[in-house]
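Comments concern the structure below.
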Amino acid sequence: MYNFEFAKPKTVEEAASAMAAEGAQALGGGQTLLPTMKQRLASPEVLVSLTGIDGMVGVSASGGSVTIGGATTHAQVAADVAESYPALAALAANIGDPAVRNRGTVGGSLANNDPAACYPAGALGSGATITTNKRDIAADDYFQGMFETALDEGEIITSVSFPIPQKANYQKFDQPASRFALVGVFVAKTPDGVRVAVTGASNEGVYRWTAAETALNSDFSQAALEGMSGDADDMISDLHGSGAYRAHLVGVLTRRAVAACG
Amino acid sequence: MAADGGMGHATKRREDVRFLTGRGRYTDDYTPAKTTYCAFARSTVANGKINSIDTSAAAEMPGVVAVFTGEDFADVGGNPAGWLINSRDGEPMKEPKRPVLAHGKVRHVGDAYAAVIAETLEQAMDAVEAIDADIDELDAVTNMADALANTDTLVHDEIGTNQCFDWGWIEDNRAATDEAIKNAPHVTTLELVNNRLVPNAMEPRCSIGEYDPGTGDYRLTTTSQNPHLTRLLISAFVMGIPENKLTVHAPDVGGGFGSKIYHYGEEALVLAAAKKLNRPVKWTSTRTEAFLSDAHGRDHVTKIELACEKDGTFIAFRTETMANVGAYLSNFSTATPTFLHGTLMAGNYTVPNVYVNVKAVFTNTAPVDAYRGAGRPEATFSLERVIDKAARELGIDPVALRRKNFIKPDQYPYASAAGLEYDSGNYDALMDGLEKRADLAGFEARRAESAKNGKLRGLGINAYIEACGIAPSNLVGVLGSRVGLYDAATVRVNATGNISVMVGAHSHGQGHETAFPQVVADMLGVDPMSIEIVHGDTSKIPFGMGTYGSRSLAVCGSAVFRATEKIIKKATLIAAHMMEDKPENVDFTDGEFAVKGTNKKVSFGEVALKAYIPHNFPLESIEPGLEETAFYDPANFTYPSGAYACEVEVDPETGKVDICSMVAMDDFGNVVNPMIVTGQVQGGLAQGIGQALLEHGIYDENGQLLSGSLMDYAMPRADDLPNFVVDHSHATRCTHNPIGVKGCGEAGAIGSPPTVVNAVVDALQRGGHDVDHIDMPVSPARVWAAING
Ligand SMILES: Cc1cc2nc3c(=O)[nH]c(=O)nc-3n(C[C@H](O)[C@H](O)[C@H](O)COP(=O)(O)OP(=O)(O)OC[C@H]3O[C@@H](n4cnc5c(N)ncnc54)[C@H](O)[C@@H]3O)c2cc1C
């Protein structure tokens, strides 16, 4: 790790001005950023910790959606939305291990947009809105490929609003070593239609599987997906699985998610 | 005997109190005054010519006190291979020099070519980045078949080949085995890979060098499984420091599994730097460095053939193996694929013909050496997989096929066709026990239950034998070992009656501090807690060969036993003198010396005191003091054996394998502490299941380690494992060591991989999929690919 300055602002405004400094970078739970710094693969000059900002921690529910502060940990989400949005709570409860869940934050996960992370599927599948210190961004516009998002330099995710679907389920198939998603599929049945978001699989990062959505919109059942799988050509192929295997898993997990929706 | 805590008692491990309460003292916990810190510059290319290394900028960096390159060690020796193997044509193996720091060429990613010593670790790391190394990347060779075929790309130019040796065992049996296979009514052939493993001990390697200019003494504190061997190698081969001027101390060590048997260049470097700087020098490996530079394990590519009669009687095993030794010969790398592998290729069976050919191959990858089981897991995997395939081809139940060919209890000592003499065992008794404890009869019902849930259930059976208690010096000497493999112990009874036992074995998780006192306490009739084991420091202990190969209790424990016998003998003389009678009239039981037929007695404690306060002593016949040393060199290996069963459920949609049960029936001979033995088996099973399902060190064709971190290298976790059934009640004593023990440290890692793979293949076969074999790790992706052709 290289030396760096450390700032722990109390408000979003203070954080935003701290982020204006040369080489400044936001710090959520540090579960991605700190290991990278320890390996000397990242060298921010100023770390701006967001977890001390009261307004960015916590969960509130109103009008059919839950809003989660950007610096809220996975463990808190798992506990606080267990009743209001059980599928999202289950997703959060199955990220990493207790140490990761007690530190890692929803804002950090979405800002990082790891192609194998769970929250991107939850946010895109739910049709969430990502709120920053500058604007609201619809999930459909937010994810722009592996590790790429609509965030500008220095922009801070202050909260994320998840509309609560009628039914939802997240199926994650673990990569054996990291236990991130080798493939993860989030299925949500909403009044505006079914949304199917796939993580872990595509070279383009998290995406909506529109063919499955169409099929499920006319018949929300496993049978509607019979014989369907992802497109192997677009899929990640690595030591944990070929593109063909991932494409196959996309189909299997989507069916299982639909079945689990009941 | 000692009421509590003697032989056979499941005494809790006394050392766990300090380990579990954070009071262990590991190498990195030790920071002498004025310590400097070392960081290495390591190659990022797998094969490269070093044109120049400019360290001038690094040397000017803040806090830097010294920079070393391979040039600085050009005149010192190399780290040698401990075992000479001759090829079939009689040529000795190729032994290219393994320098302290790469010189002229780098040969694998992670090969260290320079080192910086600085006031702080960060300064040392900063300076490493300032080293300007001009290295031409050359084509790399990582695949063994390519390495043998393609001599344009050489790991070591000076030897003109990538083949280290081409070994035949037993060469005289080759023709007969070929003939037997040619004429056999049935031959089953299997090609398989024994996957490369990265050891991943919880504690990474760490070394601290110190030098005392007043006395000229060196001290190396290091993460080692055998400090005396490390001292010997540094003294005799690498640096020429006189042995009596070098202390090697391995304090608490957080796991080794083989990877800390060997001497590594970093140890020599911190010693050389400490001398030059006149300050302590410390290096602690990062996890990344561990992945790139610790000796890896396994990595064989094998073709095995089993010839048999139509009724399943075995006629011959013939094996052809390529064994990856990586870029340099690590200390035992040449013994592992040969004498720890080829000699076991008769398994538990009365097979008349065995022939094994092993080609050891240099590649641009990290060195490969012994890893828990070392050669025996490879042997067992090949044998037990091909036997399972033969059973299927012949339509014979896999248990029945094994039983048909087992060596029977009345055949011991049994001379195996692979050149070993097994002293004892009872494989049918183990299989009987297994049938009961694994409820093999109930399998069909469980399978039907799994099928209802859409899961394919399979049953895997395995029998193994291993050669442990490594080993008899006479035998290993003939086989090419350059060291003896005895062990040593000194039992020192202190004046006040408590006892220090100095041992050559090293405990890094094995529980010696608890088990060894149980042996002594039993013999002396004293409280085990009055006995302390001293190990790991060459300035305190007699010359021993350390811990690996399940040898500690069988070899070093036997030395403890012999030394304690000597203590009893001498104490009897002192007791006789105290009671004014002849030694032959004195009996020793339960810690008391008594004159036969009288009520005269003295306690062990009184005798101990007398030994150190020898007033009125017959000095012409008894020396003062009560301290004895024994060196023990066994007559043979020990031969633990076992029968294992595993049930798995395969999800045919995803290929995911869940292990439902794992039953291990082992014969370890006498058991000193059943709880520790069970723990050792459990750990071995976890590692074996790790190999079978999860772990894989994979290099790409450019020599980059793709699974170079825990994000890609899958270690087994608790929820990957079932509740184990571990049973070591079906024991046959080892006939040649005084405690009757065989060794249990590696069994689980040897017996479990073929059991798991047999179970997966069985599940797929029963599920109607024509799958004969899946290479380890049997990952979901591989199972799915096998199912889907
Ligand atoms: C062992 C392990 C296992 C894991 N398993 C999983 C898993 O199964 N599934 C999964 O989804 N994830 C997993 N993770 C990742 C985990 O969820 C992290 O929480 C997440 O990747 C990053 O969140 P963080 O709060 O720690 O962010 P940090 O590491 O602090 O930051 C990550 C990036 O986001 C930026 N950032 C942080 N907060 C904000 C914000 N509010 N606004 C804008 N930018 C911000 C940072 O500048 C940085 O670039 C795992 C991590 C580990 C270490």
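Things to note:
- Residue match in the range B:125-135 (condition: surrounded by 23 or more Cβ atoms within 10 Å (Cβ to Cβ) and part of a loop (DSSP other than H, G, I, E, B)): no
- Note on the range A:52-72: among residues that are more than 16 Å from the ligand (Cβ to nearest atom) and open to solvent by 40 Å² or more (accessible area, probe 1.4 Å), the one that is nearest to A:S159 (Cα to Cα) is A:S60.
- Screening A:T210 on (1) touching a Gly at 6+ places or on another chain (Cβ under 9 Å); (2) away from the ligand (no atom under 16 Å from the Cβ) shows it passes everything except condition (1).
- Screening B:T35, B:T31, B:T27 for residues that are open to solvent by 20 Å² or more (accessible area, probe 1.4 Å) and not aliphatic (A, V, I, L, M) leaves exactly one candidate, B:T31.
- Among the residues listed as A:P165, A:P176, the single one being in a loop (DSSP other than H, G, I, E, B), modelled with pLDDT of 95 or more, more than 14 Å from the ligand (Cβ to nearest atom) and over 22 Å from A:V57 (Cα atoms): A:P165
- A:S43 meets each of the listed conditions (1) within 9 Å of the ligand (Cβ to nearest atom); (2) in contact (Cβ under 8 Å) with a residue 12 or more places away in the chain; (3) among the polar types (S, T, N, Q) apart from (1).
- Residues that are among the charged types (D, E, K, R) and away from chain A (no Cβ under 11 Å) within the range B:698-751 comprise B:E701, B:D727, B:R733, B:K742, B:E746, listed in sequence order.
- Residue tally, condition within 28 Å of B:E122 (Cα to Cα) and open to solvent by less than 50 Å² (accessible area, probe 1.4 Å), over the range A:10-25: 5
- Among the residues of the range A:99-134, just one is away from every other protein chain (no Cβ under 14 Å), more than 9 Å from the ligand (Cβ to nearest atom), within 16 Å of A:S202 (Cα to Cα) and not small (G, A, S), namely A:L124.
- Residues of the range B:375-399 that turn out to be touching a His at 6+ places or on another chain (Cβ under 8 Å) and hydrophobic (A, V, I, L, M, F, W, C), as a count: 3
- Scanning the range A:185-201 for residues that are assigned to a strand (DSSP E or B), of a type in the set (A, V, I, L, M) and within 16 Å of the ligand (Cβ to nearest atom) returns A:V185, A:A197, A:V198.
- Residue satisfying condition, being within 14 Å of another protein chain (Cβ to nearest Cβ), surrounded by fewer than 20 Cβ atoms within 10 Å (Cβ to Cβ) and over 23 Å from A:I95 (Cβ atoms), within set A:G262, A:G251, A:G243, A:G193: A:G243
- The strands (runs of 3 or more DSSP E) located wholly in the range B:443-549 that include 1 or more residues which are touching a Lys or Arg at 6+ places or on another chain (Cβ under 7 Å) and open to solvent by 10 Å² or more (accessible area, probe 1.4 Å) occupy B:456-465, B:499-503, B:531-534.
- A:A138 being more than 9 Å from the ligand (Cβ to nearest atom), more than 10 Å from the chain's Cα centre (by Cα) and of a type in the set (G, A, S): yes
- Among residues of the range A:31-40 being closer than 12 Å to A:F4 by Cβ and within 8 Å of the ligand (Cβ to nearest atom), the one that is surrounded by the fewest Cβ atoms within 10 Å (Cβ to Cβ) is A:L34.
- B:D111 out of contact with any Gly (no Cβ under 6 Å at 6 or more places or on another chain), surrounded by 14 or more Cβ atoms within 10 Å (Cβ to Cβ) and within 14 Å of chain A (Cβ to nearest Cβ): no
- The range A:86-105, subset part of a loop (DSSP other than H, G, I, E, B) and under 15 Å from the mean Cα position of the chain (by Cα), residue nearest to A:T131 (Cα to Cα): A:G104
- Here the range A:206-240 is the region considered, the condition is being of a type in the set (D, E, K, R) and open to solvent by 30 Å² or more (accessible area, probe 1.4 Å), and the residue that is farthest from the other protein chains (Cβ to nearest Cβ) is A:R208.
The values are calculated or read from the model by the stated rules, or taken from the named source; none is laboratory data. Every value quoted in this text rests on a predicted model; they were computed, and no experiment measured them. Heads up, the Cβs are rebuilt from the backbone with ideal geometry, glycines too, and the neighbour counts pull from every protein chain shown. All accessible areas refer to the heavy atoms of the entire protein, side chains included, with ligands and DNA or RNA removed. Shrake-Rupley method; radii C 1.70, N 1.55, O 1.52, S 1.80 Å.
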